[in-house]
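All remarks here apply to the structure that follows.
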């Protein structure tokens, strides 16, 4: 849901990088497109480094095709976790240990959450009950979260009502301050499905995960203290789990 003004990578720069660095860029881009890197990329170390590097460069060239003149690949159409950065010859300075650590932690959370959701749909099956499938999946998902993390990261909140303001007020602002500054209170109309480990997790059971679902979660994030969220969709046909990562435009540090 964020806007990236342009991310351009020189092909010659890619060729000077190591296979591990190329894989990080691929994982980042795949995540931003809502794809699972583990399902898309071969296991790390499954081939010799030279072959893995050639494979990664080939995949990056394919993903960035369309602006190949002057030896450049235009990634501006991809929503990217790097934020509004112009990446050229100095791309490696953006892949510093701290940003890589944040990306790994982010992906580690998503991987666990999606893995637990897949366990739920495998165990509960499709169409578990008439009309309230989302609620059933949500209860089972929370059970799996508690079993997996064992309260290591605190408690899990579910179905919390949130106050809606126009325009969205900052989370730190009190009701008194909001009224003085002419924010309009619209009441309590939305509930957060799951809150855990600095995430809002929204549960769906839809055949098509449309753009409106992303905007819905984005509005939840804007009205709360959170900076990121995850939609988990238990798609009944095919018994599969889909997911989408959402963050507020301009948030730095993921």
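Just so it is clear, none of the values below were taken in a lab; they were calculated from the coordinates. Only a predicted model underlies this, so the values are computations on that prediction, with no experimental measurement involved. All Cβ positions, glycine included, derive from the backbone under ideal geometry; neighbour counts span all protein chains shown.
Things worth noting here:
- Exposure proxy order (Cβ contacts within 10 Å, fewest to most) of 149, 166: 166, 149
- Going from the residue with the fewest nearby Cβ atoms within 10 Å to the one with the most, 248, 240 rank 240, 248.
- Cβ-to-Cβ counts within 10 Å put 126, 120, 132, 208 in ascending order as 208, 132, 126, 120, the fewest first.
- Our analysis of the range 105-247 gives Rg over Rh at 1.00, with the two radii drawn from alpha carbon positions and Rh computed by the Kirkwood formula.
- Residues listed by number, the range 192-222, amide nitrogen under 15 Å from residue 105 label point at 7 Å toward C-beta: 197-199
- 10 Å binning of all Cα-Cα separations within the range 192-240, expressed as whole percents from 0 upward: 26, 51, 21, 2
- Taking 17 Å as the cut-off, the amide N atoms of the range 200-219 that come nearer than this to a point 7 Å along the Cα-to-beta-carbon line of residue 148 belong to 200-204.
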